[in-house]
1. When the stretch 33-61 is examined, which residues are found to be free of Cβ contacts under 8 Å to residues at least 24 places away in the same chain and closer than 23 Å to residue 2 by Cα?
2. Of the numbered conditions (1) surrounded by fewer than 14 Cβ atoms within 10 Å (Cβ to Cβ); (2) touching a strand residue (DSSP E or B) at 6+ places or on another chain (Cβ under 9 Å), residue 74 satisfies every one except a single condition; which is it?
3. I'd like to verify a number: residues in the stretch 22-31 that are in a loop (DSSP other than H, G, I, E, B) and either under 11 Å from the mean Cα position of the chain (by Cα) or closer than 14 Å to residue 10 by Cα (or both), how many?
4. Inside the stretch 77-94, can you point out the residues that are closer than 24 Å to residue 39 by Cβ and either in contact with a strand residue (DSSP E or B) (Cβ under 8 Å, 6 or more places away or on another chain) or exposed (fewer than 10 other Cβ atoms within 10 Å of the Cβ) (or both)?
5. Would you mind finding the one in 63, 34 that is touching a strand residue (DSSP E or B) at 6+ places or on another chain (Cβ under 9 Å) and assigned to a loop (DSSP other than H, G, I, E, B)?
6. Residues in the stretch 37-55 that are outside any helix (DSSP H, G or I) and surrounded by 17 or more Cβ atoms within 10 Å (Cβ to Cβ): how many?
7. State all residues of the stretch 1-17 that are assigned to a helix (DSSP H, G or I) and either surrounded by 12 or more Cβ atoms within 10 Å (Cβ to Cβ) or touching a residue at least 12 places away in the same chain (Cβ under 8 Å) (or both); if no residue qualifies, say none.
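A short reminder: the numbers here are calculations on the coordinates, not readings from a lab. Every value quoted in this text rests on a predicted model; they were computed, and no experiment measured them. Here the Cβ positions follow ideal geometry from the backbone for every residue, glycine too, while neighbour counts run over all protein chains shown.
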């Protein structure tokens, strides 16, 4: 999968400058005038434009999966695992 373009859902629009500085072609739903759009509209846009969706919304991720649209679901479980790993890497114990 070369030349990946990323579509950041509303809750992750703030990641755009970070993804760009890491070299990714990232745009947000805000950039595209899709803020507040139905999940289906966002998934259809991603499908038409070969975008990988980054979201925290399980419904968006499920719809993307049904349509065969690449999607990365970053929920609280993934965030908790990242924090846990960082704390343990620092030598901290629960």
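1. Correct list: 44, 47, 48, 61.
2. (1)
3. Initially, the stretch 22-31 is screened for residues in a loop (DSSP other than H, G, I, E, B), giving 22-24, 29-31.
From the residues that got through so far, the ones that are either under 11 Å from the mean Cα position of the chain (by Cα) or closer than 14 Å to residue 10 by Cα (or both) too are 29-31.
Matching residues across the stretch 22-31 total 3.
4. Passing the criteria: only 77.
5. Numbers: 63 fails: assigned to a loop (DSSP other than H, G, I, E, B).
The match here is 34.
6. Filtering the stretch 37-55 for residues outside any helix (DSSP H, G or I) gives 37-38, 49-55.
Those still in the list that are surrounded by 17 or more Cβ atoms within 10 Å (Cβ to Cβ) too: 51-55.
Number satisfying all stated conditions: 5.
7. Going through the stretch 1-17, the residues assigned to a helix (DSSP H, G or I) turn out to be 10-17.
Within the stretch 1-17, 10, 11, 12, 13, 15, 16 qualify.
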